[in-house]
Each structure stands twice: as structure tokens, then as C-alpha cells.
1. Which cross-chain or sequence-distant (5 or more) residues have an amide H under 5 Å from the amide H of GLY109, H modelled 1.01 Å from N in plane?
2. Could you please state how large a percent of the accessible area of segment 75-134 is carbon and sulfur, counting protein chains only and using a 1.4 Å probe?
3. For the chain, what number of Lys pairs, 8 or more residues apart or on separate chains, have alpha-carbon atoms under 24 Å from each other?
4. Could you pull out which residues in segment 64-78 have an amide N less than 11 Å from a spot 7 Å beyond the Cα of ASP14, following the Cα-Cβ vector?
5. Output wanted: per-residue J couplings in Hz (rounded whole) for segment 85-97, from phi through Karplus 6.51 cos²θ - 1.76 cosθ + 1.60, θ = phi - 60°, x for Gly and Pro.
6. Return the sequence-ordered ³J(HN,Hα) values of segment 64-81 in whole Hz as given by the Karplus equation 6.51 cos²θ - 1.76 cosθ + 1.60 applied to θ = phi - 60°, using x for Gly and Pro.
7. Could you tell me what percent of the DSSP beta bridges with both partners in the chain are antiparallel, to the nearest 5?
8. I need the calculated FRET efficiency for the pair GLU95 and GLU51, taking r as the beta carbon distance and R₀ as 30 Å, to the nearest 0.05.
Amino acid sequence: MSKPILDHIGIAVDDLDAAIELYRDKLGFEVESIDEVPGFGVKVAFLPLGEGQVELVMPVTDDSAIAKFLSKRGPGFHHLCFRVDDLRAELARLEEMGIELVDKEPREGAHGTLVAFLHPRSTGGVLIELAQHI
Ligand code: CO
């Protein structure tokens, strides 16, 4: 992997409007976009932070991974996302090195990205997402 680039920090929220109010109106962030990502059963808001962004993630379906996370752990830090140039190649390289993949194939993320998650079991308990901007 070339030098890692932070794409975004994912925060699980159960109330997107309340979270936006906190980040925008109290913490001074700007909201760049709000979108649903049907493949993940979530609604997300992106808020620029330096070279990267904060992603506020709220479930819109009960069977989404985020809904399960919230019911188990409650709202809070959820994942780190690094930007990569060639997601397929990165997944193959990491799997070869013994990293367990949640997604063996790239999935459609927000804003025309391809994304995939690495399993926290093999990354020290931190859920890591990789994103390729296409
Ligand atoms: Co993310």
C-alpha cells in the first residue's frame, strides 16, 4: 500500500438530524452532502475535516450492519476509511497477507465510490474501510 490517506472517519448515529445539529451548529462543521446508500441500508452525511471528512452514518433498515452495531454498542466511533487507487488490487494484496475481509468484492458506496471493509478481528479491533473514488 502506498502512504495511507484518510478518506473519512465514520461515526454511527441513531438520529442524523440531531448529529448534524451537533456537528454543524455547535462544532462548526459544514455539511457537504446527505445521501442514502441503499446497498448498506444507511443514510450518510459528509462533513469536511482537513483533507478528509467526518461521515455520520444512520441506519434506515433494521437489518443493516449499522443498526446491529447501534443496538449492541450504541452511537459513537464506527470506522476509519482510507483512500486507495485500486481497491481490487488492495483487497487481493491484504487477503494474501492474512487480513480477513468483510467484503471480498468492492461494493457501491456514496458518491460513486467503491468501498470494502476489513474485518476488525484482523485489524486490532478497528473496523477499516477502503474507498476508491471513480
Ligand atoms: Co464510511
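The values are calculated or read from the model by the stated rules, or taken from the named source; none is laboratory data. Just so we're clear, the structure is a prediction, and the values are computed from it rather than from any experiment. Reconstructed Cβ throughout: ideal geometry from the backbone, glycine too, with neighbour counts over all protein chains shown. Heads up: the accessible areas ignore ligands, DNA and RNA and are worked out on the full protein's heavy atoms, side chains in. Shrake-Rupley method; radii C 1.70, N 1.55, O 1.52, S 1.80 Å.
1. Result for GLY109 returns LEU114, VAL115.
2. On the way: 1780 of 3300 Å².
Whole-percent figure for carbon plus sulfur exposure: 54.
3. 6
4. Within reach of a label on ASP14, which here means backbone N under 11 Å from a point 7 Å along Cα→Cβ, segment 64-78 contributes 70-76.
5. 7, 9, 4, 4, 5, 5, 4, 5, 5, 5, 4, 4, 8
6. Karplus-based 3J(HN,Hα) across segment 64-81 equals 6, 4, 5, 4, 5, 4, 5, 6, 7, 10, x, x, x, 4, 10, 7, 9, 10 Hz.
7. Expressed as a percentage, antiparallel bridges in the chain total about 75.
8. 0.60
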